[in-house]
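The numbers here are math on the coordinates, done by the rules we state, and not lab data. Bear in mind that the values here come from a model prediction, so they are computed numbers and not experimental data. Don't worry about glycine lacking a Cβ; one is built from the backbone with ideal geometry, like all the others, and counts go over all protein chains shown.
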Amino acid sequence: MSKKPEDIFNFTATSDDCIKCGKCIPVCTIHQVHPDETTSPRGFIELLGAYQQGHLELDKNAKDIFESCFLCTNCVDVCPNSLATDMVIEEVRADIADKFGIAWFKKGFFFLLRNRKIMDFVMKFGYMFKTCALANDPQDRGLKARFSLPMIKKGRLLPSMVKTSFLNSYPEEILAKNQEAKPQRIALFIGCLANYNYTGIGDSLVEVLAKLNIDVFIPKKQLCCSAPAYFTGDMSSVEYMTKKNIAYFESFMDDCDAMLIPEATCSAMMTHDWAVFFKNHDMADWEARAKKVSQKMHMATAWLDDNTPLQAMLKEKGKRFDTAVTYHDPCHAKKVQGIYKQPRNLLSANYPMVEMSDSDRCCGFGGVTMQTEKFHFAQLAGMPKATMIEETKATYVSAECSACRMQLSEALNHAEVETIFKNPIELIAEGLK
């Protein structure tokens, strides 16, 4: 489905607009752990311009370079010309996928993301037989791989698997107790990790909405937001999942006041990248539909803080905890969506907050390729975050992103730091109990 770069994005124009000032280099996640000009934002841009002009062959060396970007958007955040470096790298990865193909385990993963019922079966099967390949982490952070696979390093911490997914644990409609008050109706988009691994996030969000006397609608036919495929270059999977989701959401969105997404990456993908994807691939009708349906989509803490009395409820009726919380800003929350105050507003009502030295620094998750074929880079990026978190002496580190949770839990476990990761929604729900 992907097109040639000259048909889809003007890499040369982006390269020409780069003034090579170097402001992006100090904040670049890959450059921090692998200081090489070719894998810096201005290096990526220069090489992309050369590729489009025919001066650079898209060989295995170029593939390795373009797959080394974490897509953290730090460079976009500081660029004086606001160059979309992340976007051009996302687009060239489609050409990489066309030329070199996609690894078998990634193809299998994206197939499962496209097929919810098969994914449900595979995850339940994985739960039943997890002890064959995995051992419980003593700090209950997840599961450790007992043997090495091409995509999983031995001894690595992986998210725990659950017997029943979040979507299969609840009815589609959960009505508020006081119907005379004409409660709002909120749809939930749960995200794959929260659906199959970190189900406490969805459980907690349902509890919080119940306390606010809000009707909850859980759309059971929702598919993955398509972010893993998008960042890998599997554009056919992106198109399939995105169109399926949009058409499904259109069938009920007019009857809902909002759709809440307790995941930064899913939220950024759905409210920003869906429309960008359709624009770049010349699908104007779908771009318009994506923009319309995204108008009611919100990151959960942002909507709860901006549109409900939750903060006041937490202060007046919530518990007071002595356990300190430090907050990590997910790249797709603060940099892409400008969301960072709201989760802190809600958490500070019940917990003492202590800021780490650089909450904006990328955790180093980086997507499917970074977590498999280039995990050594992810490990290097995670180490400084583990040190920052340890220095706060906080009991909990929180971020509204399960990708950050997976990455930081591994980094904390590897560094033997006892701080526990919790989604802010989970901590907020504890404050209301």
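For the Cα atoms of the chain, what angle does the longest principal axis make with the long axis of helix 284-294, in degrees from 0 to 90, nearest 10?
In the chain, helix 284-294 runs at an angle near 30 degrees to the longest axis.
Extending each Cα 7 Å along its Cβ direction at residue 175 and residue 295, get the distance between those two points in nm, one decimal.
My value for the distance between the label points is 2.9 nm.
Only helical DSSP H runs with n ≥ 4 go in: add -39500 (n - 2.57) per run for the chain, normalise by residue count and round the 222 nm mean residue ellipticity to 500 deg cm²/dmol. Could the numbers behind the result be given before it?
On the way: 25 runs with 221 residues, N = 433.
After summing the helix terms and dividing by residue count, I get -14500 deg cm²/dmol.
May I ask for the distance between the Cα centers of the range 314-342 and the range 212-242, given as a whole number of Å?
Cα centres, the range 314-342 to the range 212-242: 24 Å.
In degrees between 0 and 90, to the nearest 10, how far off the longest principal axis of the chain does helix 85-100 point, with axes built from Cα atoms?
Roughly 70 degrees between the two axes.
Taking only Cα atoms of the range 380-433, what ratio of Rg to Rh do you get with Rh as the Kirkwood inverse-distance radius? Before the final figure, lay out each step's value.
Values: Rg = 11.3 Å, Rh = 11.4 Å.
Rounded to two decimals, Rg/Rh equals 0.99.
Pull up the DSSP beta bridges for the chain and report the antiparallel fraction as a percent, rounded to 5. Present the calculation step by step, with values, prior to reporting the outcome.
Values: 8 of 24 bridges.
Around 35 percent of the beta bridges assigned by DSSP in the chain are antiparallel ones.
Taking other Cβ within 10 Å of each residue's Cβ, how do 267, 160, 409 sort, fewest first? Provide the component values of the computation, followed by the final result.
Working: 267 31, 160 18, 409 24.
Neighbour counts put them in this order, fewest first: 160, 409, 267.
Using θ = phi - 60° and the Karplus curve 6.51 cos²θ - 1.76 cosθ + 1.60, what whole-Hz ³J(HN,Hα) does each residue of the range 209-223 get, with Gly and Pro shown as x?
Whole-Hz 3J(HN,Hα) from phi for the range 209-223: 5, 5, 4, 8, 6, 10, 5, 10, 10, 10, x, 6, 9, 5, 9.
Over the range 314-432, what is the mean sequence separation of C-alpha contacts under 8 Å (at least six apart), divided by residue count, expressed as relative contact order in percent? Each step should come with its number before you reach the end.
On the way: 189 pairs, mean separation 38.9, N = 119.
So the answer I get is 33 percent.
Please give the helix 235-250 orientation as an angle from the longest Cα principal axis of the chain, in degrees from 0 to 90, rounded to the nearest 10.
Rounded to the nearest ten degrees, it is 30.
Give 279/422; 153/341; 182/296 a once-over and call out the pairs whose C-alpha atoms are over 27 Å from each other. Write out the running numbers ahead of the final one.
Numbers: 279/422 36 Å; 153/341 36 Å; 182/296 19 Å.
Table pairs above 27 Å Cα-Cα are 279/422; 153/341.
At a threshold of 8 angstrom on Cα-Cα distance, excluding pairs fewer than six apart, so keeping six or more, what relative contact order does the chain reach in percent? Walk me through the intermediate numbers first.
On the way: 730 pairs, mean separation 67.5, N = 433.
About 16 percent, as a whole number.
The chain: percent of C-alpha pairs farther apart than 41 Å? Numbers along the way, then the final one.
On the way: 11933 of 93528 pairs.
Result for the distance tail: 13 percent.
Springs between alpha-carbon atoms under 10 Å, Gaussian network over the chain: tell me which of 317, 279, 153 tops the mean-square fluctuations.
317
Please state, rounded to one decimal and in Å, the Kirkwood hydrodynamic radius that the range 314-432 gives when every pair of distinct Cα atoms enters the mean of 1/r. Mind showing how you got there, number by number?
On the way: mean 1/r = 0.0693 Å⁻¹.
Evaluated on the range 314-432, it is 14.4 Å.
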